[in-house]
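First comes the structure, then the notes that go with it.
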Amino acid sequence: MRIGLPILPLCALICLSMASGCGSTPPRQYFGMSYSLSDVESRETPKYPFTLRIREPDIQLAFDRSQIVYRYDPYKFKYYNYKFWVAKPQTMVAELLYRHLKHTNLFNEVSLVYQREVPDYELHGGIDAIEEYDSGDTWYGHLAMNFRLVRFSDRKVVWAYRFDETKEVFTREPVYVVRALSELMDEQMSKMMPSMEAAMDKEMAAREAGTEGTTK
């Protein structure tokens, strides 16, 4: 008795005939925050004779991953399956800080890695939110961070800055959320640099007066 081939459903036949194969997973996509420094002042020589070390920011546990976070409400986190940051958010932010501070030339030396020489100051930070927030038909980029400039010799905080901002996204695609987050970072760096500079002016004056690190 001749046994015939099993009859496959039409969809299965179509799958077998397609070179790409049915059920193949979407390709991974990688995103990174970036902004131009063309409008940011850059000095020819460092303004202050101090060295600065940038520490990688702390990050809230929910955001400490390579997948991009999105939320519909404050209590439920979701993660894109195939959309990733090019690096962990805290590493990406540290690189942005380094790039910006090197460009402004405020400090005599800026570093990201631990070196044998101790720095004059350390920039500490924290990432409280870096995400896509979906509210009905409207999407937002949500970025919340805090920074502290610490005098290394006595661990005193000489400057601090915090922000929690959102920016509406008019095209509901993750790439535009990343663009909004980049714009928020750019805007906040422009706001925080003058106050950091004012704090460093005081530090410079105290050093020249010989009162740096003294307490009343």
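A count restricted to region 126-147 and to residues that are surrounded by fewer than 19 Cβ atoms within 10 Å (Cβ to Cβ) and more than 24 Å from Met192 (Cα to Cα) stands at 5.
Residues are listed down the side, and each one gets a yes or a no for (1) surrounded by fewer than 18 Cβ atoms within 10 Å (Cβ to Cβ); (2) of a type outside the set (Gly, Ala, Ser); (3) closer than 30 Å to Ser135 by Cα:
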residue: Pro46; (1), (2), (3): yes, yes, no
residue: Asp58; (1), (2), (3): yes, yes, yes
residue: Thr104; (1), (2), (3): no, yes, no
residue: Glu109; (1), (2), (3): yes, yes, no
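Pairing residues of region 145-162 that are over 13 Å from Gly126 (Cβ atoms) with residues that are among the β-branched types (Val, Ile, Thr) and part of a loop (DSSP other than H, G, I, E, B), at Cβ distances under 6 Å and at least 6 apart in sequence or on separate chains, gives Phe152/Val118. Candidates in region 182-198 are the residues that are more than 17 Å from Asn105 (Cα to Cα) and among the polar types (S, T, N, Q); of these, the one that is nearest to the chain's Cα centre (by Cα) is Ser182. Checked against the criterion of being free of Cβ contacts under 8 Å to residues at least 60 places away in the same chain, in a strand (DSSP E or B), in contact with a Ser or Thr (Cβ under 9 Å, 6 or more places away or on another chain) and farther than 18 Å from Arg99 by Cα, region 175-192 contains not a single residue that satisfies it.
Of all positions in region 188-199, at least one carries a residue that is under 30 Å from Lys78 (Cα atoms) and either surrounded by 17 or more Cβ atoms within 10 Å (Cβ to Cβ) or β-branched (Val, Ile, Thr) (or both). So for region 149-165 (the condition being buried (at least 19 other Cβ atoms within 10 Å of the Cβ), under 30 Å from Thr25 (Cα atoms), at pLDDT 95 or above and touching a helix residue (DSSP H, G or I) at 6+ places or on another chain (Cβ under 7 Å)), does at least one residue qualify? Among the residues of region 149-165, not one is buried (at least 19 other Cβ atoms within 10 Å of the Cβ), under 30 Å from Thr25 (Cα atoms), at pLDDT 95 or above and touching a helix residue (DSSP H, G or I) at 6+ places or on another chain (Cβ under 7 Å), which makes the answer no.
The values are calculated or read from the model by the stated rules, or taken from the named source; none is laboratory data. This one's a predicted model, so the numbers in the text were calculated from it and none came from an experiment. Note that each Cβ is placed from the backbone with ideal geometry, even for glycine, and that neighbours are counted across all protein chains shown.
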